[in-house]
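Working notes, structure below.
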Amino acid sequence: MYDTTVRDLAAVADGFSIAALTEPRIEPEIMFGLASAPKPGMDDAAVLDCIEWVAHGFEIVQSIFPAWKFAAADSAAAYGLHGAF
């Protein structure tokens, strides 16, 4: 995710256009915000204590490869498949 690709749809009056994305698909996500950064060696309970909030979200992914036919290396070379969140 990038700060330039995250959208709060409640704050976007005109909605969000996917016109600029290539072969977009939607992925439901569980997103969370951190109140503090996890540290190496934390147990599960301590890591959970780092989470400030949890919500539903949707990532819109895209592929520059026709019909979504690509290898993992292709995805890395194309800077991933993320389009918007």
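So which of GLU29, GLU23 is at pLDDT below 95 and touching a His at 6+ places or on another chain (Cβ under 8 Å)? Explain how you work it out, then say what you get.
Numbers: GLU23 fails: touching a His at 6+ places or on another chain (Cβ under 8 Å).
On inspection, the qualifying residue turns out to be GLU29.
Out of the residues in the stretch 1-15 that are closer than 21 Å to GLY80 by Cα and either in contact with a Gly (Cβ under 8 Å, 6 or more places away or on another chain) or polar (S, T, N, Q) (or both), which is surrounded by the most Cβ atoms within 10 Å (Cβ to Cβ)? Full working, then the answer.
Just the residues of the stretch 1-15 that are closer than 21 Å to GLY80 by Cα, to begin with: 1-7.
Then drop every residue that is not either in contact with a Gly (Cβ under 8 Å, 6 or more places away or on another chain) or polar (S, T, N, Q) (or both), which leaves 4-5.
Values: THR4: 7, THR5: 12.
Looking at the filtered set, the residue picked out is THR5.
Rundown of residues vs (1) closer than 20 Å to ARG7 by Cα; (2) in contact with a Pro (Cβ under 7 Å, 6 or more places away or on another chain), yes/no style:
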| position | (1), (2) |
| --- | --- |
| LYS39 | no, no |
| ALA46 | no, no |
| GLU52 | yes, no |
| ALA55 | yes, no |
| GLY83 | yes, yes |
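For a quick check of your reading of the model, give me the residue pairs whose first member lies in the stretch 5-28 and is closer than 14 Å to ILE64 by Cα and of a type in the set (S, T, N, Q), whose second is assigned to a loop (DSSP other than H, G, I, E, B) and open to solvent by 80 Å² or more (accessible area, probe 1.4 Å), with beta-carbon atoms closer than 8 Å and at least 6 apart or on different chains.
THR22/ILE64
Restricted to the stretch 52-81, and to residues that are within 10 Å of ARG25 (Cα to Cα) and not hydrophobic (A, V, I, L, M, F, W, C), which residue is least open to solvent (accessible area, probe 1.4 Å)?
SER63
When you check ILE18 against the structure, is it open to solvent by 60 Å² or more (accessible area, probe 1.4 Å) and either under 23 Å from THR5 (Cβ atoms) or of a type in the set (Val, Ile, Thr) (or both), yes or no? Lay out the reasoning, then the answer.
On the way: open to solvent by 60 Å² or more (accessible area, probe 1.4 Å): yes; either under 23 Å from THR5 (Cβ atoms) or of a type in the set (Val, Ile, Thr) (or both): yes.
Considered against the rule, which asks whether it is open to solvent by 60 Å² or more (accessible area, probe 1.4 Å) and either under 23 Å from THR5 (Cβ atoms) or of a type in the set (Val, Ile, Thr) (or both), ILE18 comes out as yes.
When the residues of the stretch 37-51 are narrowed to those that are more than 20 Å from the chain's Cα centre (by Cα) and of a type outside the set (A, V, I, L, M), which ends up surrounded by the fewest Cβ atoms within 10 Å (Cβ to Cβ)?
Out of the qualifying residues, it is PRO40.
The values are calculated or read from the model by the stated rules, or taken from the named source; none is laboratory data. Model, not experiment: these values are computed from the prediction. In this analysis, Cβ positions are derived from the backbone assuming ideal geometry, glycine residues included, and neighbour counts consider all displayed protein chains. The area values use the complete protein model at the heavy-atom level, side chains included, leaving out ligands, DNA and RNA. Shrake-Rupley method; radii C 1.70, N 1.55, O 1.52, S 1.80 Å.
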